[in-house]
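Student: Got a structure here, written out as C-alpha cells. Questions coming.
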Amino acid sequence: MRSSIFVVLALSASVLFAATPAEELYSALERRLHALQSLEIQYEAVGEAVEGQQLAGRLLWVKPERFFHDTPEWSLCEAGAERWRYLKAQNTLIREDIRDDQSEWLPDEVLFNLRKSFRARTLDDTNGGRRILHLQPADPALSGEATLEFAAGSSRPDALEFSSPDGQALRYRIVAWRENAAVDEAVFSPPDVPAQNLMDFRGAGQSK
C-alpha cells in the first residue's frame, strides 16, 4: 500500500512539473545556442522603432565573450571587459568598460540570454505549421512581450518580434543563420578614427 502511494505521488509530481510545449521548445533552443562556438545572424528590421523603414543588420557571437552587432548607423562590439561603439555618420568611436546596463530588449539579449531575461509563456501552432513562441520578461517590473517564430519543421527561429517597455513594436526577419562558421577576428577590433573623434571612458569612475 505504501509503495502504491509513492507511485501515485511520483506520477502526480511528474505531471505537475512537466514542461509545457512552450518551455520544451524554449529549452531546446537554449541548449542549441549554448552548444555553438559561434553564430552569425543577418536580419532585416521593420517597425515603429525604425520609423517604418527596413534596416539590415548583422549579429555575430563567438564563445565565450565576444559579440558584434552592426547596423547602417552604428556598430557595437563587446570583447572581454571592454565595449566599443562606432557612430558611422559622425565617424566617432566610444570606448568604455562593460557594465550591466545593456538593454534587455535588444535582439541579442532575446537569443543569447534566454533564461536570464525571458520566460516562455505560450506556444501557438498555425495552420501552415509555423510555431510562434510567446515570451515574457523574467523581471515583473518590465513590460512588453517578445515572440520567436519558427518555420514548419524548423528548430531555429526565422523571426523575432517584440514590444519595448514604451510600447513600440519592432520585428526582425532573419535572412541568414550561420552556425560555427569561420570568423574574421578583425571584426572585433575598433576602427581607427581621428583623435578628436575618440571618446575613451575606460576606467572612468575608478579610484586612482
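Student: Would you please name the residue that is modelled with the lowest pLDDT, looking only at residues in the range 113-140 that are assigned to a loop (DSSP other than H, G, I, E, B) and within 19 Å of R171 (Cα to Cα)?
Tutor: That would be N113.
Student: Looking only at residues in the range 125-166 that are in contact (Cβ under 8 Å) with a residue 40 or more places away in the chain and among the hydroxyl-bearing types (S, T, Y), which one is farthest from R178 (Cα to Cα)?
Tutor: S164
Student: Would you pick out the residues in the range 150-165 that are modelled with pLDDT of 90 or more and part of a strand (DSSP E or B)?
Tutor: F150, P157, D158, A159, listed by residue number.
Student: Let me ask something additional. Here is a check on your reading of the model: is E179 at pLDDT 85 or above, under 22 Å from R66 (Cβ atoms) and out of contact with any Phe, Trp or Tyr (no Cβ under 9 Å at 6 or more places or on another chain)? Give the derivation first.
Tutor: Details: at pLDDT 85 or above: yes; under 22 Å from R66 (Cβ atoms): yes; out of contact with any Phe, Trp or Tyr (no Cβ under 9 Å at 6 or more places or on another chain): yes.
Against the criterion (at pLDDT 85 or above, under 22 Å from R66 (Cβ atoms) and out of contact with any Phe, Trp or Tyr (no Cβ under 9 Å at 6 or more places or on another chain)), E179 qualifies.
Student: Let me ask something additional. How many of the residues in the range 166-193 are surrounded by 14 or more Cβ atoms within 10 Å (Cβ to Cβ) and assigned to a loop (DSSP other than H, G, I, E, B)?
Tutor: 4
Student: I want to confirm something. Restricting to the range 45-95 and keeping residues that are surrounded by 13 or more Cβ atoms within 10 Å (Cβ to Cβ), small (G, A, S) and within 17 Å of E185 (Cβ to Cβ), which single residue is modelled with the highest pLDDT?
Tutor: The residue in question is S75.
The values are calculated or read from the model by the stated rules, or taken from the named source; none is laboratory data. Here the structure is a predicted model, which is why all the values come from computation and not from measurement. Because the Cβ atoms are built from the backbone with ideal geometry, glycine has one as well, and the counts that use them run over all protein chains shown.
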